[in-house]
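Some notes on the structure that comes next.
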Amino acid sequence: MSIPANYDYRKAEEKWYQYWLDQKVFESKPDERKAYTIVIPPPNVTGVLHMGHMLNNTIQDVLIRRARMQGYNACWVPGTDHASIATEAKVVAKLREEGISKDQLSREEFLKHAWDWTHKHGGIILEQLKKLGASCDWSREAFTLDEIRSESVIKVFVDLYRKGKIYRGYRMVNWDPEAKTTVSDEEVIHKEINGKLYYVQYSREDGEGYITVATTRPETILGDVAICVNPEDERYRDLIGKKVRVPVANRSIPVIADEYVDREFGTGCLKITPAHDINDKAIGDKYDLEIIDVLNEDGTLNEHGLHYQGQDRFAVRKAIARELEEKGFLSKVEDYKTSVGTSERTGAVIEPRLSVQWFLKMKELAEPALKAVMDNEVELIPEKFKNTYRHWMENVHDWSISRQLWWGHQIPAWYYGEDDQDFVVAETKAEALELARKKTAKADLSLSDIKRDEDVLDTWFSSWLWPISVFDGIRNPDNQEINYYYPTRDLVTAPEILFFWVARMIIAGYEYREEKPFSTVYLTGIVRDKLGRKMSKSLGNSPDPIGLMEKYSTDGVRVGMLLTSPAGNDLPFDEELCLQGRNFTNKIWNALRLVKSWEVSNEKPDEATHSAMQWFAEKKKETLQAIEKSFGQYRISEALMITYKLIWDDFCSWYLEAVKPEYGKPVTHEAREQTIHFFEDICVLLHPFMPFISEEIWHILRERKEGETICTVPWPEKENFDETTVSGFDQAVAIVNGLRNIRAGKNIPKKAPLAFYAPSAEALPEQYKALVMKLGNVTEVLTEKDDKPGFSFLAGKYEFFVPASGSVDLQEEKEKLQKDLDYQRGFLKSVDKKLGNERFVQNAPEQVVNSERQKKTDAEAKIKALEERLLELG
């Protein structure tokens, strides 16, 4: 068959992905095989593919494709996350562009807009994952807000409430003024900023002057209810129990004493604003102080802000500082570095806010999840993240699970009275009505008398159930699928959501299945640019993944992503890596064209070809052992590099060079068949990394039946290999390279035949003699060395000799040998120094010491050979 000069990857990718879908290659149903399950970290439903997704999903695809070939019932479950805050923000922005405010809409009207937006923009990222080659079971696509997942979430909330683990409380929460909702502690990103420290004077009511307080937030003084000093502070002891007046507000507040106050910070006086600081709230509770909240939900000041009402908090900070200065209440302002919390979702500066919220008690729930990771029942890769995990879990706080949004799972609590403590929790409104009737003893209570809580649940409250809910294991805990596919095998995700998501899934697993949700957590690094910066839209340094795949091929980009992506370490991405990946596809394609171009004869293979076939069979076994070891340690990048070298170096550069016939001559039938067999084998090893070109070549190598695919070709079993055969070939390669270097260095034409002297049968294994002669264009291997001038080279620990022609500069050769000798003597000196260090010899691992001793032996042998060669040249 005629094979095009260039591999048309665009055509191949579209053809083979559709073929896999048509043949239902990725679909999984429970059977007698062992399951190998991966659940996708669900991306935001309206998101698009970025480089982090590319890395994460390529790794998942490598693992699941290999598992499929290993004979597992491989099931990779895809899906998306409803992403409450992010999606609602996009819908609100879209409505604003249309001149519509969310406040003008009812909940039902807003949700219609949200669903329309989701249906229009949702699922794009999953289609993009198909372009990446993701071998998900698309018939199982799940959405955290679909019927099964929604019912599961509600069921879990009700269950945990009835177990006494969910409660409603008035607490200080993290408030996002932009999204107008609470966010959890884990969703707050702390950033160091250059701020100001304002020294504000509060006039004493007894007319004895002022008390000065240092604050970073002068806009909140309108909510001050006390000034607090340390009772041991001599400066203020006589002020305790006295009163001062709040500047601008001119309100009278007491001076109180508490050990909490740090005498060394600022002036040693602390203004107490319980509505706007968690520590102030604790002091306020302790001394039964009034609470004055000066902020609205959107971060503007309310009626307590007096003439600043309606203005933004940061604008008021500047304005009130000016007013304080004008009225003589501001003694000085200092530059001050401080840390502020910002919302992970919107970037807004977080406000501490007192609010009634729903919380989940975490301490008891976290215990089995902590033990699972510490005992390696759930293995974190790399292991260094165990300490981070332990710190989080040992210091876990109750989880604030309510959000002041409309897009999401509405909290299943119904209120039936005037008091906000008059509520029941139930899965349905009908069930809630029955509970309310029993609680109130009012049989005539109707559906119109009960009202559902307006808030929704934190998005993570649905995704923490993901490994269970995708198999309907919450609603139907004993169904066939959950019993077959759970626990899943691998989770591939980012370290930054180790607590947000991973830890909570482990918690849910033990709470609802009494077992781990997955065995291994592979934590990827961050994709960074060449300057080490995290890739982001704002920096404009993140390439379009689809554009990269169009330019370099999907397989090329997959290789580029994986070549430098060790687990847990950041990936320094460079587009050149994708070019390297594409060049690799071209190398394989050209190898295919070479093999398929051969004419065939029925003769027996010559000795050189036969030895090359023997060698590659053993080399393949050796390489498979290394690949399996890397996969076993989740060193995916390393496994790819080993495969890459097997194909580029061993198969293309050496094996094909060894077996290809002379120009215009045929190859033997046996050699051609064996080569095609080898080509099929390396396609199998390549397939998890480069699914498209491996499938394309596999189909070209031999005629296949309809429905056959490399996706389900069995992964090879590990075998022992013949070390002598492999090491013998390595020696042959060293000899050929030595001969080629002499040709290049002495300007001897490639086609000019050479003779060379081999010192022993061990130096040139008989098995590979014919191969060396073929690849080195050697006419004779000399068994005796004469006194004629020539050139020596080292291959392994042996010295070989090539007689020189009259045109060669012997003086130049002697200078080269002397330079090499000087280097070897210096190297031996450094090795001797290390071995002469008693501490090194006693404390270093045995294999390290033995390696140094072998280096010494080899260096001494090379020095002896070089000295002898210099003597021969005179």
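The values are calculated or read from the model by the stated rules, or taken from the named source; none is laboratory data. Every value quoted in this text rests on a predicted model; they were computed, and no experiment measured them. So basically every Cβ, Gly included, is an ideal-geometry build from the backbone, and we count neighbours across all protein chains shown. For accessibility, only protein heavy atoms count, side chains too; no ligands or nucleic acids. Shrake-Rupley method; radii C 1.70, N 1.55, O 1.52, S 1.80 Å.
List of remarks:
- Restricting the trypsin sites (Lys or Arg not before Pro) of the range 375-405 to loop positions (DSSP other than H, G, I, E, B) with no more than 13 neighbouring Cβ atoms within 10 Å leaves LYS384.
- Answer label for Cα Rg over 2.2 N^0.38 Å (calculated), chosen among [x] 1.06; [y] 1.27; [z] 1.21: [y]
- With Cα atoms, 0 to 90° folded angle of helix 84-97 axis to the chain main axis: 70
- For the chain, the carbon plus sulfur part of the accessible surface works out to 47%, probe radius 1.4 Å.
- Relative to one another, the C-alpha centroids of the range 623-701 and the range 848-873 are positioned 36 Å apart.
- Here's how it looks for ARG513: its modeled amide H is under 5 Å from none belonging to a residue 5 or more places away or on a different chain.
- Environment charge of TRP648, counting only residues whose C-beta is closer than 15 Å and scoring Lys/Arg +1, Asp/Glu -1: +1
- Shape call, the range 291-344: gyration tensor on alpha carbons, a/c limit 1.5: oblate
- Neighbour cut-off at most 15 other Cβ (10 Å), DSSP loop, chymotrypsin sites (Phe, Trp or Tyr not before Pro), the range 661-699: TYR663
- Beta bridges per DSSP with both ends in the chain, % antiparallel, nearest 5: 70
- Across the range 710-775, C-alpha contacts under 8 Å between residues 6 or more apart give a mean separation that, scaled by the residue count, equals a relative contact order of 47 percent.
- Under 13 Å, Cβ to Cβ, from LYS24 - net charge with Lys/Arg +1 and Asp/Glu -1: 0
- Rounded to whole numbers, the Karplus 3J(HN,Hα) couplings from phi for the range 331-347 are 7, 6, 10, 10, 5, 8, 7, 9, 10, 10, x, 10, 6, 4, 7, 10, x Hz, using 6.51 cos²θ - 1.76 cosθ + 1.60 with θ = phi - 60°, and x at Gly and Pro.
- Net +/- balance of residues flanking ASP832 in space, Cβ distance below 15 Å, scoring K and R +1, D and E -1: +4
- For the range 148-154, backbone phi angles converted through the Karplus equation (6.51, -1.76, 1.60; θ = phi - 60°) give residue-by-residue couplings of 5, 5, 5, 5, 5, 4, 4 Hz, Gly and Pro being listed as x.
- Accessible area in square angstrom per residue, the chain, 1.4 angstrom probe: 46
- Degrees between helix 554-563 axis and first principal axis of the chain (Cα, 0 to 90, nearest 10): 80
- Relative to the longest principal axis of the Cα atoms of the chain, helix 313-326 runs at roughly 60 degrees.
- Our helix-only sum for the chain, with -39,500 (n - 2.57) per DSSP H run of n ≥ 4 divided by its residues, gives a mean residue ellipticity at 222 nm of -13500 deg cm²/dmol.
- Entries of LYS587/LYS774; LYS15/LYS660; LYS386/LYS516 with Cα pairs more than 27 Å apart: LYS15/LYS660
- Global geometry of the range 365-445, whether rounded, prolate or oblate, following the gyration tensor of its Cα atoms and the 1.5 cut on a/c: prolate
- Candidate lysines - alpha carbon under 25 Å from LYS112, same-chain residues fewer than 8 apart omitted: LYS90, LYS94, LYS102, LYS120, LYS155, LYS180, LYS429, LYS451
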